Each structure stands twice: as structure tokens, then as C-alpha cells.
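**Q** Okay, here's the structure, questions in a sec.
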Amino acid sequence: MMADALEFRHEVARYLATRLTYQLARPLWFARLAPLHRVRRSPPLPTRPGWVRLRVRLSGICGTDVNLVTGRDSLYLEPEASYPFVPGHELVAEVDADGLRPDVADSPLQAGTRCAVWPVLGCRARGVAEPCRPCREGWEGMCERRGDEWPGRGIGIGFNCETGGGWSHACLAHRSQLWPLSPRVADEDALLLDPAATALAALLRSEAAEMERTLVIGGGTIGLLIAYLHRVLGRPGSCELLVRHESQRAWAEHHGVAATVVRGASEFRDWASARRMRAVRVIGYGYVFRGVYDRVIDAAGTRSSVTQALQAVRPRGLLVMVAAPPTLAGVDPTPLWYREITLRGVYVYGPVPWKGEWVHPYTVLLPRQEAGTLGLRDLITHTFPLDAYSAAFAALVHRRGSGAIKVAFRPGTAEA
């Protein structure tokens, strides 16, 4: 049986068209410019031990996906995908009875089992007999054996031509990637486990006892979740959040997070002045700030957010990058060496320090969702069927008008 899917292809001309249009004439940009195609595909079949077919219930659009479709992602990441692929690494799905292999059927995974997915493909999922050192230690995102075994070099579900992804009715996953869900956890909450794991990694891997003041820059899903988890998990010190849109500020404050809307340089100066950050104007340069925050986490990944982070962090403080622009052209790196700022990157797919141990992020998050103490579903502001993908991306690109925070696809529905 054929089913709808969205397929991203390696088409240079269309990629350049979407990139240039987005950069030079954003109001004219629309998703159909991108090398993203609505296609009809046969559901993939699991032919390898330990693999199952999933029926997708809900799949998110993350910042990486938006950068991919608008042409803003770094070409450094191109070797991490295999083409053509179906995007969608954030997904909630159920085990398909027609795609349940006998070697999996005797496990807790049964037909209809609803699961959250850990999308990265490490040595275990690839069936590597002798796992690499990062995978042995739980750092599957740093796997050194990508491409050595099936399903090839694509880093994970949603970037791999063999497994498929969540922007379809069905995809493949290895049983080690599946986390069965309690009936107490709604699909919408489970969908946010992957971005919440990113937020948790940014928060916990960069934490130190002497940190009294944390600033998070970025009001997308990750930035909101970092500030929210700082509060609900009772992490030390204070945490503030800078966002660009009123809908983001409203969500944050509804959940007990202090947030300020800052859209440009003048608003940033006013915000900084209220926090007694010294600023000196330099002709031909702009303003030089003396930051006051022990840790600044950049979850926006733009040149302006990196600049603001360098301005806000104190001398010898810590700058954490959860996202980054494809180029830092126009960003002055002088504060890094002159003020001895430590720069740290965070990539989600590995363990986090928790109560004296390094554990899988889902083991921290999922029990709280089951207990009802980590409700995240209201971050999802819009859902669309696959055939309305252009409208889905329009809502994300024009957040100020749409009020969108998290947007997701429901593959089983159709556009009205």
C-alpha cells in the first residue's frame, strides 16, 4: 500500500533557490521552493534483526529541519545524511503489526505498542559486533562507525534513506531506539522528549557549583525548555530568558520563567542597562559591554544571538552553544580570548550527569512525564497534515504573526 511522505532530495539548484530567496526576499519564500517533495512511497520493510516498522502518530519540525528547508544549514553536516531521505527525527509512533519481526515479537514490543524514539543510529542499532568507544560509553551521537554497517552513513532516523523518518506514515527503527510509553503520557508530551533531552543536556553538562546567574538566549522550543527545566528540576542559581516574540514570552511566564522580549540592538541595550551591564560606545564599532552572567546558553543559533551571548557573559564565564549559524561572519570573537570566555558545544545524543551518575536523558524526563510533573504539550501550538507542509513552514518562518512555537505533522490526517 502506498502512503504519503515528504522526501528531501540532493538537488543543488533548488537548494540554492530556497537559500537565496530566504536570505534576500524572505516574504516571498515558501516551502515548495526547497528540494522537499510530497511523494507516494511503499512502507519500508524491516529486513534486519532487531528492526521493526513503526506507524507514525506525530512528528515534530525542529530548528534543524527549518534550517534544512530554508537552506540555512551548514554544509559541514552534509556527510551526516544519506539521500533522498524522509525528515522527521522527533516522532511518536506505534509498532506496526505487519512490520514486527519474529526476533522482536518476543520482547516487550508488541503490535500497537506506543513508543517515543531515540533517533540516533549508533553501533547497537547498526549491529556492529565490536562497538566503538563512544557507543560503549553511551555517546551514540559521536559514533565512529557510521557507514560501516547497514543502514549506511545517515546519522539517524529522519536523515537516513533506508530508515525513513517521521514525516511519513511509516518508518523503521531498531528496538534499542524505542521507549514504550505509559497510557499516562500523551503523544504531544512524548513528542517533546527529544527536544527536552537537548535542553537537559545543555543544562546539566555545562553546570558548575559556582554558577549563580544563567542567561538563555532564544525563545524557540529548546530555549524555552532549557529555562523551564532549570526551574522544575530545581537547578542552582537564577535563570533568565531572552525571546523575540510575545507568544514565547507568554508561554515562559505562564510556566514560571522570567522572560524578556528583545528584538534588536537598542532593546538589548535597554535590557542590559537594567541589569547594570556597563556599556561603552565605540565609534565605528558599536557598543562594548561588560557582561555579568556566569553562563550564557545560546539556543537561537544566529549571528545576533552569538553576539549578544558574548556581550552578556562575564569575564572568565561560560558560553554554551546548543545551536550555531552556518557561518560566524560578522561576529567579533575578541571577547573569547580577551576575557577568557570558555566556549562549549552541546550535542544531545549522549548521557547527562544526574545524581552522581551519567544516565540517558529519557530516564530523567520520562518518569516525570508519567507522574504528570513535566507537562510540555502546550508548547505544540500548531499541527498539520503532511499535504499542508507549506502552511506548516509558513507558520514557523512567520512566527510573529502566527504565534507558533512548536509545529508538528499528523501523518494520518488530510488537509481540509
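Every number here is computed from the coordinates shown, using simple stated rules; none is lab data. Here the structure is a predicted model, which is why all the values come from computation and not from measurement. Virtual Cβ from ideal backbone geometry, glycine too; neighbours counted across all protein chains shown.
**Q** Which of Leu242, Ala209, Leu310 sits farthest toward the positive end of the charge dipole of region 198-352, with +1 on the Cβ of Lys and Arg and -1 on the Cβ of Asp and Glu?
**A** Value: Leu310.
**Q** Would you mind checking which residues have amide H under 5 Å from Val348's amide H? H placed 1.01 Å from N; only 5 or more apart, or other chain.
**A** Under 5 Å from the amide H of Val348: no residue qualifies.
**Q** Have a look at Gln110, His230, Pro351 and report the one farthest towards the positive end of the charge dipole of the chain, computed about the Cα centre with Cβ charges (Lys/Arg +1, Asp/Glu -1).
**A** His230
**Q** Still on this model: Treating each Cα of region 198-352 as an identical point scatterer and ignoring solvent, apply the Debye formula and state log10 I(q)/I(0) at q = 0.08, 0.14 Å⁻¹.
**A** With no solvent term, the Cα-only Debye profile gives -0.20, -0.63.
**Q** For Leu77 and Arg9, compute 0.36 nm times the residue count separating them, minus their Cα-Cα distance, and round to one decimal in nm.
**A** 23.0 nm
**Q** Whole-Hz Karplus ³J(HN,Hα) for region 357-369, in order, using 6.51 cos²θ - 1.76 cosθ + 1.60 and θ = phi - 60°, x for Gly and Pro?
**A** Each residue of region 357-369 in turn: 10, 9, 10, 5, x, 5, 6, 8, 8, 5, x, 6, 5 Hz.
**Q** Further question: Sorted from fewest to most neighbouring beta carbons within 10 Å, what does the list Tyr287, Tyr389, Tyr293 look like?
**A** Tyr287, Tyr389, Tyr293
**Q** Then there is this: Under the 0.36 nm per residue contour assumption, what length would be gained going from the current alpha-carbon distance of Ala186 and Trp337 to full extension?
**A** Contour length minus Cα-Cα distance gives 49.7 nm.
**Q** To continue, here is another question. If you rank Thr334, Thr113 by fewest surrounding Cβ atoms within 10 Å, what's the result?
**A** Neighbour counts put them in this order, fewest first: Thr334, Thr113.
**Q** If you don't mind, there's one more thing I want to ask. Could you tally the net charge around Leu366, taking each other residue with its Cβ under 11 Å from the Cβ of Leu366, Lys/Arg +1 and Asp/Glu -1?
**A** So the surrounding residues net to 0.
**Q** Take the alpha-carbon centre of region 134-152, take the same for region 338-416, and report the distance between them in whole Å.
**A** Taking the Cα centre of each part, region 134-152 and region 338-416 sit 24 Å apart.
**Q** Only helical DSSP H runs with n ≥ 4 go in: add -39500 (n - 2.57) per run for the chain, normalise by residue count and round the 222 nm mean residue ellipticity to 500 deg cm²/dmol.
**A** Estimated from H runs of four or more residues: -7500 deg cm²/dmol.
**Q** Further, regarding this structure: Between Arg235 and His382, 0.36 nm times their residue separation minus their Cα-Cα distance comes to what?
**A** Computed gain between Arg235 and His382 is 49.9 nm.
**Q** Determine the dipole magnitude for region 293-375: charges of +1 sit on the beta-carbon of Lys and Arg, -1 on that of Asp and Glu, nothing else is charged, the reference point is the Cα centre, and the result goes in debye to the nearest 20.
**A** Magnitude of the dipole: close to 140 debye.
**Q** Rounded to the nearest 20 debye, what is the charge dipole size of the chain about its Cα centre when +1 sits on each Lys and Arg Cβ and -1 on each Asp and Glu Cβ?
**A** The calculated dipole for the chain is roughly 1060 debye.
**Q** To the nearest 0.05, what FRET efficiency results for Met1 and Tyr285 with a Förster distance of 60 Å applied to their C-beta separation?
**A** Computed FRET efficiency for Met1 and Tyr285 comes out at 0.45.
**Q** Residues of region 218-242 with amide nitrogen under 17 Å from the 7 Å Cα-to-Cβ point of His254?
**A** Counting only backbone N, you get 219-229.
**Q** Same structure, new question: Ordered by residue, what ³J(HN,Hα) values in Hz, to whole numbers, does region 37-49 give under the Karplus form 6.51 cos²θ - 1.76 cosθ + 1.60, where θ = phi - 60° and Gly and Pro are x?
**A** Working through the residues one at a time gives 10, 7, 10, 10, 10, 6, x, x, 10, x, 10, 10, x Hz.
**Q** So for Arg57, Arg146, fewest C-beta neighbours within 10 Å to most, what's the order?
**A** Listed from fewest to most nearby Cβ atoms, that is Arg57, Arg146.
**Q** Considering the options Cys132, Leu178, Ala323, tell which one lies farthest towards the positive end of the dipole of the chain, charges being +1 on Lys and Arg and -1 on Asp and Glu at the Cβ, about the Cα centre.
**A** Ala323
**Q** In whole Hz, what ³J(HN,Hα) sequence does region 82-98 give by Karplus (6.51, -1.76, 1.60; θ = phi - 60°), x for Gly and Pro?
**A** The phi angles translate into 10, 9, x, 10, 9, x, x, 8, 9, 7, 10, 8, 10, 5, 7, 4, 7 Hz.
**Q** Based on Cβ point charges of +1 for Lys and Arg and -1 for Asp and Glu, what charge dipole magnitude is obtained for region 198-352 about its Cα centre, in debye rounded to the nearest 20?
**A** In debye, rounded to 20, region 198-352 gives about 280.
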